[in-house]
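Q: Sharing a structure with you now.
FYI, it's all coordinate maths here, none of it is from the lab. It should be emphasised that the depicted structure is a prediction, and the values quoted were computed from it without experimental measurement. Cβ coordinates were reconstructed from backbone atoms using ideal geometry, including for glycine residues, and neighbour counts include every protein chain displayed.
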Amino acid sequence: METQVETLRAEALGEIGAVADRQALEAARVRFLGKSGAITSLSEGMRHVAKEDRPRLGKILNDLRQAVTSALEEREIRLLEEADAASVVALDLTLPGTFPAAGSLHPLTQLLDRAVRCFRRMGFAIADGPDIETEWHCFDALNTPPDHPARNEQDTFYLPDGRLLRSHTSTVQIRVMENCPPPVRIIAPGAAYRRDEVDATHLAQFTQMEGLYVAPGVSLADLKGTLEFFFRELFGPETETQFRPHFFPFTEPSYEIDIHAEALGGQWMELAGCGMVDPAVLEAICSKRGDRLYDPESVSGFAFGFGLDRLAMNLARIPDIRMLVENDLRFLKQF
Ligand code: DAH
């Protein structure tokens, strides 16, 4: 029996070492360890062995079974490794990969994000209103008389039902005060529409940012401090601002703000309108709300508004406003 075991061991290990694939390996396993396999039938022969020889022969058989089992396992691992290696043999792992093209934010969006971040730090919330507006929200409530040129059909897009495309984002001031009690401190970025001839500096749709702060005791000093801080944050600490008296129907007094900053090309640029909310606007809100929460005797406020397109153009040295809306990748990829 011992010689039989030795022959079988040599045979099994030889055969297992030589199999070329996992199918052949499985066949070898069945041939030696299967139910009617060679090692199994040898074990059955133990019944005829003399009692005193059984422990010794049993151990020899056990060793054989173990040796064959681990040979099978090792061979299987080898075969897997060989298959793995074969599957990458034709690959050049040093070749550069293909990267998905990463997009970037539109220059206008980048400026808007920066502006919003700055105002949020000062406690301004973001407010929104519809692009299609009533004449009341766009003009009447903002103290703009019926004969004001901005209300002309040549300047504003009217819908057949008498509503209009808002010609400025100042409408959101009215929307906010109608719906929220004071104090309110909001910015409202969004689209505005005017019947302008489209050229290098004009589009029929452009982007504005409105601001409004109404509370007891808000003063012109708050307005100046807020906007000067904002423009210095945006364009650098050397930025100079100038508040030039102006007229807007909805503020009194009113100013235009001129800015001088290297980032904007180092020249004075008229940039924003602003002022203290006109008491007539607050009275219009009181009438609409049917309460006196916005009584101009108890609250005051400042408002401001500016266009973002021209700012973005100056910051990024963009020569033609139409480039902002043409979606030409050669243009957009530069940002
Ligand atoms: N709505 C004005 C415009 O479109 C800009 C403006 C000026 C907004 C003064 C304001 C303001 O809130 O106080 O030209």
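Q: Order of Arg166, Arg322 from fewest to most other C-beta atoms within 10 Å?
A: So the residues, fewest neighbours to most, are Arg322, Arg166.
Q: Counting Lys and Arg as +1 and Asp and Glu as -1, each charge on the Cβ, what is the dipole of the range 39-182 about the Cα centre in debye, to the nearest 20?
A: 920
Q: Ok, one more. Using only the C-alpha atoms of the chain, find the volume of their convex hull and express it per residue in Å³.
A: Dividing the Cα hull volume of the chain by its residue count gives 324 Å³.
Q: What's the percent breakdown of Cα-Cα distances in the range 210-310 across 10 Å bins, shortest bin first?
A: With a bin width of 10 Å, the distribution comes to 16, 43, 27, 12, 3.
Q: Quick check: convex hull over the Cα atoms of the range 92-228, volume per residue in Å³, rounded to an integer?
A: Per residue, the Cα convex hull of the range 92-228 comes to 215 Å³.
Q: Tell me, Ser87, Ser167 in order of fewest to most beta-carbon neighbours within 10 Å?
A: Ser87, Ser167
Q: Where is the GNM fluctuation largest for the chain (alpha-carbon springs, 10 angstrom cutoff): Asn143, Asn62, Asn179?
A: Evaluated over the chain, the most mobile residue of the options is Asn62.
Q: State the Kirkwood hydrodynamic radius of the range 1-144 in Å, one decimal place, computed from all pairs of distinct Cα atoms.
A: Taking every pair of different Cα atoms in the range 1-144, averaging 1/r and inverting gives 23.1 Å.
Q: Continuing with this model, one more query. Considering only Glu74, Glu178, Glu133, give the residue with the highest GNM mean-square fluctuation for the chain, with springs between Cα atoms whenever their separation is below 10 Å.
A: Glu74
Q: In cubic angstrom, how much convex hull volume per residue do the alpha carbon atoms of the range 155-212 span?
A: Each residue corresponds to 79 Å³ of Cα convex hull volume.
Q: Most fluctuating residue of Leu25, Leu105, Leu308 in a GNM of the chain with Cα springs under 10 Å: which is it?
A: Comparing Leu25, Leu105, Leu308 in a Gaussian network model of the chain, the most mobile one is Leu25.
Q: In debye, nearest 20: dipole of the range 177-276 around its Cα centre with unit charges on the Cβ of K, R (+) and D, E (-)?
A: So the dipole magnitude of the range 177-276 works out to roughly 280 debye.
Q: Can you pull the three principal axis extents for the Cα set of the range 276-315, in Å, largest first?
A: So the extents along the principal axes, rounded to whole Å, are 44, 17, 13.
Q: So how far, in whole Å, is the C-alpha centre of the range 197-244 from the one of the range 166-183?
A: Taking the Cα centre of each part, the range 197-244 and the range 166-183 sit 17 Å apart.
Q: A follow-up question, please. Among Ser43, Ser70, what is the fewest-to-most ranking by other Cβ atoms within 10 Å?
A: Ser70, Ser43
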